[in-house]
Each structure stands twice: as structure tokens, then as C-alpha cells.
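Each remark here refers to the structure printed beneath this line.
Laboratory data are not the source of any read-out in this text; all were calculated from the coordinates shown. If you're wondering where the values come from, they're calculated on a predicted model, not measured in any experiment. Every residue, glycine among them, receives a Cβ derived from its backbone with ideal geometry; neighbour counts consider all protein chains shown.
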Amino acid sequence: MELWFTEHHTPNVRFSIKVDRQLYSGRSEFQRIDIFDSKEFGRFLTLDGYMMLTEMDEFIYHEMITHVPMCVNPDAHDILVIGGGDGGTVRELLRYPTVRHIDLVEIDELVVEVCKKYLPQTAGCLSDPRISIHYEDGLKYVRHAENAYDLIIVDSTDPFGPGEGLFTKEFYGNCYKALREDGIMVNQHESPFYQQDAYAMQRAHKRIVDSFPISRVYQAHIPTYPSGHWLFGFASKKRHPVKDVNWVRWNALGLKTRYYNTQLHAGAFALPNYVEEMLRDV
Ligand code: SAM
């Protein structure tokens, strides 16, 4: 009998991947965790039935959430990653010799354990001495941080369940306080395409605009996320995401990437008209 993983992208749209084998299924205090293996996308992680990452396309998400802010400030030394227990974001950050320390705040220890066992492609770096892992709610963690980070990356689940607090005004205000004077915050910003996702995206954008003097949105194409059209938020105290980048310096690092490059960086901030309108109307 054929086994398929199916995610409802709207009540009327489903996305399915044929599964070769289910490698893990378990439940933590926070969510259900599943790992599947497939021909087209390799191994993939789902939480409460929602796609988190696949081995085939995770490079797009993790490169775009990391290299965009790191190109704007290649001197980011102290970094906070909230969520991201699969390790993909941290893997990309560790490629910079300038990164001194990363605090990874993941609410669910079981996600980290399961990813270490089944997804070494992303979680293989999680024992690096430059990382401290804190098993805590990111919303609570940032309440006590002040002037401590050059960069905060919010690599969260969607704005419901355990991730809900990471889309609130309180959270963004505390991220602002936790950043140093030229700090940057980047977050996964949902999809603009389906109406329900777009509403959540607009609401989060408004809260970020109210919390930071500079706030822009950029995009990437991620095949396994709803509609394939995904957004990221860039917010900062001083640095502009396109005018303040040092292409020459980033290119001199010689990092080999599969999706990100410095021409694409500028282009990713050029949004389709319907998305610009949504962001203007918040
Ligand atoms: N790239 C993914 C996506 O957008 O679909 C996100 C992947 S990552 C696995 C998301 C992580 O955020 C999960 O492991 C989840 O446990 C964690 N998370 C959710 N809410 C959190 C919270 N309040 N504090 C810290 N981590 C949280």
C-alpha cells in the first residue's frame, strides 16, 4: 500500500509527497514530531503535520535566513537563534569565522534529539563549541536579554501553537532591546499567497514596523512550503538591507552557496506588486 504525507495548505488545497518509509513518530510536551523518507525530497521533518524541512530544499530557507543578514553585517559576533532546533540555520552561521558565539533557544528538546539522529545534514553541527543550546520558550528568553546580540534570527514554526508568541509585539520589542546599537533581526515571515497565511504575515509585519526603524521584507522560492512563495522579514536599528551591504567583502569570504548570491540578495527585496500592496496596507 502506498504511503503519502499530506499537508492542507488551505481547506481546498493539499500538498502531498509519496513516502518510502516513516523513520520516526513521537510526541513531546509541545508537538507531534515525524520524520519520513521519500524519493523526491529525501528525509523530511514535520511538526504537528506541518512541513518544517526536507533534505532536498532546506538549503534555500537556511541560506536565505542566514546569509542575507550576514552580508549586511559580516562582523556579527554574538548571535541569537530562536527555534531552529533542526540545526540548519546554525550550520550556515558557523561557516563565518567571525561568529564568536550562538545562543540557540529551542523550546523542544525532542526536536533536537530526533534531528541529531535522523537529519545529520542539518543537525550535525549542533555539538560545535561555539553554540549554547537553551531549551526554553524564546518569548520568555528575550525578556531578560539586553544589548547582547548583533543578530537575532527567528527560525520559528507558524504563528499558532508553541510559535505563536514569536509573532507578538512584546516579542519584537524585546528583540529590539536584546540587540546592540546596529543590530539586525531576521524572521521567517510566512507566505503572502493564500489569504489566511497572508493575513498572519501582514499582522506580523505591522508589529515589526512598529518596533524597528528599518523594516523590509524579502522573498525566496521554497518548493515544499505553502504556495512555494516564502517571505522573510529584515528589521534593523541602523543598517539598510540593500544600501548597506558590502558585496566585495562577502564575496571575499569565498563561501560556496547553492541559492544565495549577492545579485540575488538585492533582487530578493524587489517584491511583486500584490505583496507590496499588502505590506503598505498594514
Ligand atoms: N524552517 C521551519 C519552517 O519555517 O517551517 C522552521 C523549522 S524549526 C524546526 C522551528 C522550531 O521552532 C521547532 O523546532 C519548534 O520546536 C521551535 N519553536 C516553536 N515555538 C518556539 C518558541 N516559542 N520558542 C523556541 N522555539 C520554538
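At-a-glance table
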| read-out | value |
| --- | --- |
| Share antiparallel - DSSP beta bridges, the chain, percent rounded to 5 | 65 |
| Per residue, the convex hull volume that the Cα atoms of the stretch 19-111 enclose (Å³) | 92 |
| Dipole axis of the chain (+1 Lys, Arg; -1 Asp, Glu on Cβ), positive-most option in Thr98, Phe212, Gly49 | Thr98 |
| GNM top mover of Ile131, Ile184, Ile65 - the chain, alpha-carbon springs below 10 Å | Ile131 |
| 0 to 90° range, to nearest 10: angle between helix 169-178 axis and the chain longest Cα axis | 50 |
| Calculated [θ] (222 nm, deg cm²/dmol) that DSSP helices of n ≥ 4 give over the chain, each run adding -39,500 (n - 2.57) | -8500 deg cm²/dmol |
| All lysines inside 24 Å of Lys238 as judged from Cα atoms, apart from same-chain residues fewer than 8 positions distant | Lys169, Lys177, Lys206 |
| Two-decimal log10 I(q)/I(0) for the stretch 3-54, as the Debye equation yields it once each C-alpha is a single scatterer, q = 0.29 Å⁻¹ | -1.17 |
| Hydrodynamic radius of the stretch 191-261 per Kirkwood, over alpha carbon pairs, in Å | 14.1 |
| Kirkwood estimate for the chain, i.e. one over the average of 1/r between Cα atoms, Å | 18.9 |
| Highest-fluctuation residue, Pro159, Pro97, Pro223 considered, GNM on the chain with Cα pairs under 10 Å | Pro97 |
| Within straight-line cross-link reach of Lys39, lysines at Cα separation under 16 Å, skipping those fewer than 8 residues along the same chain | Lys18 |
| The stretch 1-46 and the stretch 188-229: distance between their alpha carbon centers, rounded to Å | 24 |
